[in-house]
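The values are calculated or read from the model by the stated rules, or taken from the named source; none is laboratory data. All of these numbers come straight from a predicted model, not from anything done at the bench. Cβ sites come from the backbone with ideal geometry, for glycine too, and all protein chains shown count toward neighbours. Note: areas computed on protein heavy atoms with side chains; ligands, DNA, RNA excluded. Shrake-Rupley method; radii C 1.70, N 1.55, O 1.52, S 1.80 Å.
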Amino acid sequence: QVYDTPTSAFTVNSPVCVSEDATITYSGNAPANATYNWSFDGGTIVSGTGQGPYTVNWNTAGSKNITLQVDLGSCSSPVTTQTVTVNALPTVTVSPDVAICEGASTTLTAAGANSYTWSPTTGLSGSAGATVTASPTTTTNYVLTGTSNGCSNVQLVTVTVNPMPTVRVNPTSASVCSGTTTTFTASGATSYAWSPSTDLSAT
């Protein structure tokens, strides 16, 4: 049996992000029943056997060397090496969760990436940018997506909207004689401030 010398050419998409799948496809002349000696430099094989194609990802960033040598009978190909660049996910941060009153607004600030998108856009001054103003009418969970070098990471921030208190004063008005007093009682909130403070026992 005379074999053609096998080749070990293959293609791979690069760059990829950490935990993003790369597809490795054999493009040489060897048949499927040849022996394919792959090395994926610590990558996790998601799918693929033998000739492939393979789906592989890496959980650390850096340059990863994929190598292949093909054996067919007593013939062996040269070793082919290709490098895959694995980019790190950005470390995205966002303002802490915040509570506001109905009708109020707050500023949400993101950091750690090159570009940002926000969703949902309900109550936001915009859907992109490192800083947005949030004025939701109800409690809303916002998703921040930060992207650098084609890789994205997400963070969540909650803006809680508290209802305005319904404050009552009893009585709402009173007539008194000079030198006498009357008592006003407030309800509907947890703390109270009175003004003007003239002739009041407390403010």
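Give me the tail of P(r) for the chain as a percent: Cα-Cα pairs with distance above 27 Å.
That fraction is 61 percent.
Farthest toward the dipole's positive end in the chain, which of ALA88, ILE45, THR160, given Cβ charges of +1 (Lys, Arg) and -1 (Asp, Glu) about the Cα centre?
Checked the options; the winner is THR160.
What are the ³J(HN,Hα) couplings of segment 76-92, residue after residue, when phi is run through the Karplus curve with 6.51, -1.76, 1.60 and θ = phi - 60°? Round to Hz, x for glycine and proline.
Those phi angles translate into 10, 7, x, 7, 9, 10, 10, 9, 10, 8, 10, 8, 6, 6, x, 8, 8 Hz.
Can you pull the three principal axis extents for the Cα set of segment 154-203, in Å, largest first?
Taking max minus min along each principal axis of the Cα atoms, segment 154-203 gives 66, 18, 13 Å.
When the chain is treated as a GNM, springs tying every alpha-carbon pair under 10 Å, which of ASN59, ASN33, ASN114 comes out with the largest mean-square fluctuation?
Evaluated over the chain, the most mobile residue of the options is ASN33.
Averaging sequence separations of C-alpha pairs under 8 Å and six or more residues apart, then dividing by the length of the chain, give the relative contact order as a whole percent.
Reported as a whole number, the value is 15 percent.
What Cys residues in the chain are without a partner cysteine, judged by a Cβ distance under 4.7 Å?
Among the cysteines of the chain, those whose Cβ sits 4.7 Å or more from every other are CYS75, CYS101, CYS177.
Let's see if you can work this out: charge +1 on each Lys and Arg Cβ, -1 on each Asp and Glu Cβ, no other charges. What is the dipole magnitude of the chain about its Cα centre, in debye to the nearest 20?
Dipole magnitude for the chain comes out near 360 debye.
Could you tell me the accessible area of PHE40 in Å² (1.4 Å probe, neighbours in place), rounded to the nearest ten?
20 Å²
In whole percent, and with a 1.4 Å probe on the protein chains, what portion of the accessible area of the chain is carbon and sulfur?
Summing carbon and sulfur atoms, their accessible area is 49 percent of the total for the chain.
Under 19 Å from a label point 7 Å along Cα→Cβ of THR49: give me every residue in segment 29-43 with its amide N that close.
31-40
Please work out the average accessible area per residue across segment 124-177, using the 1.4 Å probe convention, and give it in Å².
Per-residue accessible area for segment 124-177 comes out at 59 Å².
How big is the accessible area of CYS75 in square angstrom, nearest 10, if you roll a 1.4 angstrom probe over the protein chains?
30 Å²
Going toward the positive end of the dipole of the chain, with +1 on Lys and Arg Cβ and -1 on Asp and Glu Cβ, which of ALA174, THR106, VAL143 do you reach last?
Ranked along the dipole, the leading option is ALA174.
Roughly how much of SER148 is accessible, in Å² to the nearest 10, using a 1.4 Å probe?
In the full protein context, SER148 sits at about 20 Å².
Express the relative contact order of segment 154-203 as a whole percentage, based on alpha carbon pairs under 8 Å and six or more residues apart in sequence.
About 30 percent, as a whole number.
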